[in-house]
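Asker: Structure below; questions to follow.
The values are calculated or read from the model by the stated rules, or taken from the named source; none is laboratory data. This is a predicted model, so every value here is computed, not measured. Here the Cβ positions follow ideal geometry from the backbone for every residue, glycine too, while neighbour counts run over all protein chains shown.
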Amino acid sequence: MDELPDWDDGTVAILSTGGGAPHAIPVSTAVRSGPRTILLALALRRESLARLREDPRAALTVLSRDVACTAHGVAVVAEEPLEESGRVAAIRLEVHEVQDHRQPRFAMHEGVRWSWIDEEARIRDAEIRAALRRVAIGTTRSVKPPSPRSSLR
């Protein structure tokens, strides 16, 4: 597999890090930002973030409809904290190898079925993915300029 496949927003992926014994956590914010680039958000308090600072090698396993792959690469902090949420950092995974796990003997019908049961968490998750897409294109968050004062006559 030469390039990363596409997957749906909210797909649960597994981030594996080193920096000691292997450490794996589920993440819901991973977005494909290029043929060999993934962005995801990690809470600033996450052990995974500390491990990536120590050893930036990482792997992200994505399992969803028609997708079964592990992206191996090097993770760098792209924005800390993420402008839209002071509690997370945007992590860019520069992918060196995409390991394709698909085989002609089976089909991937879907990934993990899950949903937020807290409406605020659902909204925040979607906002973070939108912010990661902003980071992917290299823009800063747009801030509306103050409205001009009307002159008194």
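Asker: Between a residue in region 45-67 that is over 23 Å from Trp7 (Cα atoms) and touching a residue at least 40 places away in the same chain (Cβ under 8 Å) and any residue that is aromatic (Phe, Trp, Tyr) and in a strand (DSSP E or B), which pairs come within a Cβ distance under 9 Å, given they are 6 or more apart or on different chains?
Answerer: Between residues of region 45-67 that are over 23 Å from Trp7 (Cα atoms) and touching a residue at least 40 places away in the same chain (Cβ under 8 Å) and residues that are aromatic (Phe, Trp, Tyr) and in a strand (DSSP E or B), there is no close pair.
Asker: Out of the residues in region 73-108 that are of a type in the set (S, T, N, Q) and assigned to a strand (DSSP E or B), state the one that is surrounded by the fewest Cβ atoms within 10 Å (Cβ to Cβ).
Answerer: Going residue by residue through region 73-108, those that are of a type in the set (S, T, N, Q) are 85, 99, 103.
Subsequent filtering for residues that are assigned to a strand (DSSP E or B) retains 85, 99.
Working: Ser85: 16, Gln99: 12.
Among them, the one singled out is Gln99.
Asker: Of everything in region 24-45, what is out of contact with any Gly (no Cβ under 7 Å at 6 or more places or on another chain) and either modelled with pLDDT under 95 or of a type in the set (Gly, Ala, Ser) (or both)? Give them in sequence order. First the steps, then the outcome.
Answerer: Filtering region 24-45 for residues out of contact with any Gly (no Cβ under 7 Å at 6 or more places or on another chain) gives 24-27, 29-45.
Within region 24-45, Ala24, Ala30, Ser33, Gly34, Ala41, Ala43 qualify.
Asker: Could you tell me which of the residues Arg102, Arg133, Arg129, Arg124 is touching a Ser or Thr at 6+ places or on another chain (Cβ under 6 Å) and farther than 25 Å from Asp55 by Cβ?
Answerer: Arg129
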